[in-house]
Amino acid sequence: MTAVLARRSPGPARHVYDVIVIGGQLGGIISATLLARRGMQVLFVDHDTGAAPYQHAEWKLSHAPFVIPSIKNISVFDEILLEVGLLPTVQRLMHPVTVQVLSATQRFELPSEAEARTKELARALGEGADAFEASWQQATRSASDTDPFFLAKPDLPPEGIFSRWKFRRTLPRFQEALEAMTPLRNATLLGLAPFLTGLEQPPPLALSRVLAKTLGSAHVVTGGREGLHHVFIDRARELGVDVLNAGDTVEALSFDGNKPVGIRLTRNDTIYRASFIVAGCDVATLAGLVPEARRKPLQKWVSALESKRAVFTMNVVLPEVALPRGLGALAVLDSPDAELGGLLLQVSPAESTADRVLSLSAKVPLALRAGGEPAVKALMHRVWAAVDGVMPFTRSHAKLQSSAWMDAPRVVAGAFEPLPLMPSVEESVLGVSALTLSSPYQRLLFANRQVLPGLGFEGEVLTALRAVRLIERVLHKNDPLKHRRPAA
């Protein structure tokens, strides 16, 4: 009897939903919030717990860096925030920052204002300032020239006969702008692109659009990616989404033939059913929830998107006075360690203290995790050695050194990887797509970072919006639960 009771938990209030969303990525919770705003009954399960910061001692720390352009530079995100009533809230969370470039021999800032940037470049680069500014302006224009393509809201990546036909008709109108993309001609800044996209080798569109838009209006978010996710979670609850506690995870998908019809939670025997299931988690995580006998259709995607490298982040808590004077909130370090490459430095307030969190991120082989704690500590030592050249006295003031690879229980257990660097996919559309929106299973959709990784954060938002539109179109035509849907 005791064993049976231990198997059960309170669970959601309903047994049948329009949509069940699984996973803690932003695409998942954005789609859940939008669906609820449009009248759907939604269950959200943060299966991989990637939505919450990890706790180390008394500090809550982010898993990975999170830098995005301003809201006005991502029009689709602005529209979504306005629709769900979060625009003022998210605007208060976002803070503009000036990117700094650091090396052992020079330091300079890249203000978004042209006049201030010209003066700073002239001071730092001398004769090379004009060439750098010309490259900056060309990259910015190239990124802006692609705006009309995305404002047209094409199906990206296109799926199905009609969608592909429509895409082929739309693309020629913007072909010239998409083919004339010009990335920044600066190796240090180009090294930023993997941090922003999650791709090992970002394509021209990412190097142009994502990098130029971010550098031109770089913003950090209070609490990082987890902070933005928390805001959407709160709004989703207000809109009626059943949001499960962080301890609740999905044990398995329930199938009817080849069609997933619901989920079964851990410690709960009930099958929660839905017309659609949305995977806001990586495909490898989803594959673990599919019964082994039905897993084969996912294996090609798991293999194709297997990461060999990842972004490793070390969080250091220290007094503000221990940071070099003049160091801003965001910097790119041209590391002398050729294997580490460029580092991303981000400074943020430490929660509930006067201290600061210095986050140091590098692109490293994922295989280093297999070496366990000794290998991670050796990697942290290498990161410090690269940083010591520009801030030699900072390390001695550290109150805490932490990394999700070593100190976040779910990451250590292999539940998810904070920021894997995906390989490029041969069948990619415009070089920015990896997964399709549709999975191999009927009415199971992907709304994760692997659909449009070459567009970074904007790609996650576009994927969420497309998933919502597809679900809304289908359920409005034949929706067994439409009795709850408000009149248009």
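For the chain, what does -39500 (n - 2.57) per DSSP helix run (n ≥ 4), summed and divided by total residues, give at 222 nm, in deg cm²/dmol to the nearest 500? The partial results should precede the final answer.
Working: 19 runs with 174 residues, N = 488.
Rounded to the nearest 500, the figure is -10000 deg cm²/dmol.
Computed from Cα positions, the angle between helix 26-37 and the longest principal axis of the chain comes to roughly 50 degrees. For Leu93, what is the net charge nearby, where nearby means another residue's Cβ is under 13 Å from its Cβ and Lys, Arg count +1, Asp, Glu -1? Counting the neighbours of Leu93, the net charge comes to +1. Legend: P(r) of region 133-265 from all alpha carbon pair distances, 5 Å bins from 0, whole percents, reading 2, 8, 12, 12, 12, 13, 13, 13, 8, 4, 1, 0.
A simple packing score, the average count of other Cβ atoms within 10 Å per residue, orders the peptides 372-385, 396-409 as 396-409, 372-385, with the highest score first.
How much net charge surrounds Leu400 when only the other residues with a Cβ under 15 Å from the Cβ of Leu400 are counted, with Lys and Arg +1 and Asp and Glu -1? Mind showing how you got there, number by number?
On the way: positive: Lys60, Arg356, Lys377, Arg395, Lys399; negative: Glu58, Glu320, Glu351, Asp355, Asp407.
Summing Lys/Arg as +1 and Asp/Glu as -1 gives 0.
Net charge in the neighbourhood of Lys363 (other residues with Cβ under 12 Å of its Cβ; Lys, Arg +1, Asp, Glu -1) is -1. Percent of C-alpha pairs per 20 Å bin in the chain, short distances first: 23, 56, 19, 1, 0. Taking the longest Cα principal axis of the chain as reference, the axis of helix 456-477 is set at about 20 degrees. Taking the square roots of 5 times each eigenvalue of the Cα gyration tensor of region 30-124, largest first, gives ellipsoid semi-axes of 36, 22, 10 Å. Charges were assigned to the Cβ only: +1 to each Lys and Arg, -1 to each Asp and Glu. The resulting dipole of the chain about its Cα centre is roughly 1400 debye.
We did not get these values from a lab; they are worked out from the coordinates using the rules stated. As the structure is a computational prediction, the values presented were derived from the model and not from experiment. Methodologically, a virtual Cβ is constructed for each residue, glycine included, from the backbone with ideal geometry; neighbour enumeration extends over all protein chains shown.
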